[in-house]
Amino acid sequence: MKNKLILTAIIITISTALFAQEQDRAVLPRSKNVFVNPSDNEFMIKIGTSYAKDPGKFGLDVSLNYIYNIDPVFVFGFEGDFFWINWKSELEKINVAGGTSGSHIAKTDLYTIPLFANAQVRLPFLRNKIYIEPAFTMGIGYAFMILNYASDDNDGTKLYKGLALQGFASAYYKILKESAVDFVFDLGYRRLALDKGRVGIDMSGFITRLGVKFYI
């Protein structure tokens with residue numbers, strides 16, 4: 001009888017301890033730590049400018065990134081960009097009412113959408129030393145470009161496409177150590193050699209962007 005009472009007491013004690021431990025875990029906030037929760041993903045939105053070789057012009061560049069954390073050093077993810085260049089060209093001089101001269105104008109818009117799969121290497125151990133976290137990214141993907149041309153006597157829309165490659169360096173910076181948001185700066189090069197049939201347009205050039213990174 002005595003042994004049964006001792007065994008019962010031991011079982012109750014162990015059960016109570018386990019229940020209390022589970023209650024403590026439930027109360028604690030979920031840690032944003034890639035070691036504990038490797039599925040904590042990130043989202044980045046960036047805006048800046050890029051240069052295109054064949055038009056010889058800069059344009060608006062917007063980038064959306066979804067990042068999956070493998071560990072603090074190696075991450076991979078997917079990226080979708082929107083690159084827009086527009087300009088007006090003077091075709092010929094004309095005479096208008098009142099003896100004033102004017103010009104026929106043609107307007108061209110290039111809407112480029114590159115899609116990438118990216119692999120990135122980060123150096124988080126440098127954040128405590130130089131206040132920023134450097135990172136290096138390589139990406140491969142495919143791009144589509146819509147060329148829209150309009151003038152008084154001619155207009156049209158054409159679709160170009162081709163392989164897309166990119167490589168860039170990034171710097172992440174937190175205003176506060178406890179913040180879940182990083183400001184990010186990118187500087188790199190993107191290769192966009194696009195074609196339609198036998199006609200090719202090289203949209204390759206340097207890219208520079210600023211943005212924010214935060215957890216989903």
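What the table shows:
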item: Span per principal axis, largest first, for the Cα atoms of segment 36-215 (Å); result: 74, 38, 21
item: Modelled FRET efficiency - R0 25 Å, residue 125 with residue 82, Cβ distances, 0.05 increments; result: 0.15
item: Förster radius 30 Å - calculated FRET efficiency between residue 179 and residue 202, Cβ distance, rounded to 0.05; result: 0.15
item: Estimated inter-spin distance, residue 49 and residue 171, nm [label 7 Å along Cα→Cβ]; result: 1.9
item: Taking 142, 131, 172 and counting other C-beta atoms within 10 Å, the order from fewest to most; result: 131, 142, 172
item: Added length on full extension, which subtracts the Cα-Cα distance from 0.36 nm per residue, residue 163 to residue 62; result: 34.5 nm
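Every number in this text was worked out from the coordinates using simple rules, so none of it is lab data. Computed from a prediction, not measured in an experiment: that's the story for all the values here. Glycine also receives a Cβ, built like all others from the backbone with ideal geometry; neighbour counts cover every protein chain displayed.
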